[in-house]
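Chemist: A single structure is presented below for examination.
What follows draws every value from the coordinates through simple rules; no lab data is involved. Keep in mind that what you see is a predicted model, and the values were worked out from it rather than measured. Here the Cβ positions follow ideal geometry from the backbone for every residue, glycine too, while neighbour counts run over all protein chains shown.
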Amino acid sequence: DSGVTQTPKHLITATGQRVTLRCSPRSGDLSVYWYQQSLDQGLQFLIQYYNGEERAKGNILERFSAQQFPDLHSELNLSSLELGDSALYFCASSGGAGANTEAFFGQGTRLTVV
Amino acid sequence: AQSVTQPDIHITVSEGASLELRCNYSYGATPYLFWYVQSPGQGLQLLLKYFSGDTLVQGIKGFEAEFKRSQSSFNLRKPSVHWSDAAEYFCAVVRLTGGGNKLTFGTGTQLKVEL
């Protein structure tokens, strides 16, 4: 158990809909990262927050947004969903924002868009 | 751009045999390197990391990896594989970006263990 909690574990929704994925980081960790894992793209970095502020951004679609709340949990919002958004979405957390910090991953949320 | 290459998509070894999974990186400075393992339906578990210092690093579950700057490699090894090691293995490098960082992953190596 990494200490990172993601909910829900599975989500099935229709095209055009909006969903929210939730992540609780390990106790004491200030950084939260979101990654997408799909068969065709592999593991792709989406976004990082550190203590409530956005710190790094990857190839995150404009239809996707995220935030980190004062209690440090984070939410990833996916809207106008398309079939191609079906993937495993991972949250990770780490203590710092720099490079020499190891990230611990949650179990992921499997999103299926039908 | 920083990148990670895992040349082997699939590897099959017999239980008890030794294992080496290859990873090559492209990075301008001294890289921070990681190996993660993903079992079916599970998240990513950190096996080991290299930040600096001793180029041979020990990890969990009996794994080790050696950083070779001259070859831009960070290969993962295990002297004797157990059936429970069957999983997908990812090499990753950290890239600093703005005020934060991100992991760039390789495409993964799927390990099958024959009994």
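Chemist: Collect residues whose amide H, placed 1.01 Å from N in the peptide plane, falls under 5 Å from the amide H of B:Cys23; neighbours closer than 5 in sequence don't count.
Modeler: Excluding prolines and chain starts, which carry no amide H, the hits are B:Phe74, B:Asn75, B:Leu76.
Chemist: Which net charge results for the neighbourhood of A:Gly96, defined as the other residues with beta-carbon distances under 12 angstrom from its beta-carbon, given Lys and Arg at +1 and Asp and Glu at -1?
Modeler: In short, -1.
Chemist: Just flag the GluC sites (Glu not before Pro) in segment B:1-74 sitting in loop per DSSP whose Cβ has no more than 16 other Cβ atoms within 10 Å.
Modeler: Answer by residue number: B:Glu15.
Chemist: In nm, to one decimal, how far is the modelled label at A:Asp1 from the one at B:Arg69, with both set 7 Å along Cα→Cβ?
Modeler: Each label point lies 7 Å from its Cα, and together they span 4.2 nm.
Chemist: Would you pull out the residues with amide H under 5 Å of A:Ala56's amide H, same chain only if 5 or more places away, H placed 1.01 Å from N?
Modeler: A:Gln48
Chemist: Next question. Less than 12 Å Cβ to Cβ from A:Ser2, Lys/Arg counted +1 and Asp/Glu -1: what total charge do the surrounding residues give?
Modeler: Net charge in that neighbourhood comes out at -2.
Chemist: I've got another one for you. Going toward the positive end of the dipole of chain A, with +1 on Lys and Arg Cβ and -1 on Asp and Glu Cβ, which of A:Leu111, A:Ala14, A:Ala87 do you reach last?
Modeler: Working it through, the farthest residue towards the positive pole turns out to be A:Ala14.
Chemist: At a Förster radius of 35 Å, what calculated FRET efficiency corresponds to the Cβ-Cβ distance of B:Ser18 and A:Gln67, to the nearest 0.05?
Modeler: 0.15
Chemist: In segment B:91-107, whose amide N lies under 16 Å from the spot 7 Å out along Cα-to-Cβ of B:Ile9? List them in ranges.
Modeler: Zone members listed by number: B:106-107.
Chemist: Take the alpha-carbon centre of segment B:6-22, take the same for segment B:30-58, and report the distance between them in whole Å.
Modeler: 16
Chemist: To the nearest 20 Debye, how big is the dipole of segment B:55-115 about its Cα centre, given +1 on the beta carbon of each Lys and Arg and -1 on that of each Asp and Glu? Spell out each step's value before the answer.
Modeler: On the way: 8 positive and 5 negative charges, 50 e Å.
In debye, rounded to 20, segment B:55-115 gives about 240.
Chemist: In this model, which of B:Lys78/B:Lys112; B:Lys68/B:Lys102; A:Lys57/B:Lys78 are farther than 26 Å apart at the alpha-carbon?
Modeler: From B:Lys78/B:Lys112; B:Lys68/B:Lys102; A:Lys57/B:Lys78, over 26 Å: A:Lys57/B:Lys78.
Chemist: Treating only the Cβ atoms of Lys and Arg (+1) and Asp and Glu (-1) as charged, compute the dipole magnitude of segment A:10-69 about its Cα centre; round to the nearest 20 debye.
Modeler: 120
Chemist: For the protein assembly as shown, give me the percentage of DSSP beta bridges that are antiparallel, rounded to the nearest 5 percent.
Modeler: 90
Chemist: How much of the pair distance distribution for segment A:8-114 lies past 24 Å, counting alpha-carbon pairs only, in percent?
Modeler: Working: 1001 of 5671 pairs.
Beyond 24 Å sits 18 percent of the P(r) for segment A:8-114.
Chemist: What is the distance in Å between the Cα centroid of segment B:73-115 and that of segment A:43-85?
Modeler: Cα centroid of segment B:73-115 versus Cα centroid of segment A:43-85: 24 Å apart.
Chemist: Modelling each spin label as a point 7 Å along the Cα-to-Cβ direction, I'd like the A:Ile60/A:Asn77 distance in nm, to one decimal.
Modeler: 1.2
Chemist: Which of the trypsin sites (Lys or Arg not before Pro) across segment A:13-114 are loop residues per DSSP, with 12 or fewer other Cβ within 10 Å?
Modeler: Hits after loop and neighbour filter: A:Arg18.
Chemist: Have a look at the DSSP beta bridges in segment A:10-114 and tell me what percent are antiparallel, nearest 5.
Modeler: Looking only at bridges with both residues in segment A:10-114, the antiparallel portion is about 90 percent.
Chemist: Rounded to the nearest 0.05, what FRET efficiency do A:Asn51 and A:Thr20 have when you use their Cβ-Cβ distance and R0 = 22 Å?
Modeler: The value I calculate is 0.55.
Chemist: Loop only by DSSP, 11 or fewer other Cβ within 10 Å of the Cβ. Give me the GluC sites (Glu not before Pro) in segment A:1-88 that pass, ordered by residue number.
Modeler: Numbers: sites: A:Glu53, A:Glu54, A:Glu62, A:Glu75, A:Glu82; in loops: A:Glu62, A:Glu82.
Filter output for segment A:1-88: A:Glu62.
Chemist: While we're here: When the Karplus curve 6.51 cos²θ - 1.76 cosθ + 1.60 is applied with θ = phi - 60°, which whole-Hz ³J(HN,Hα) does each residue of segment B:17-24 get, with x for Gly and Pro?
Modeler: 7, 7, 9, 9, 10, 8, 8, 10
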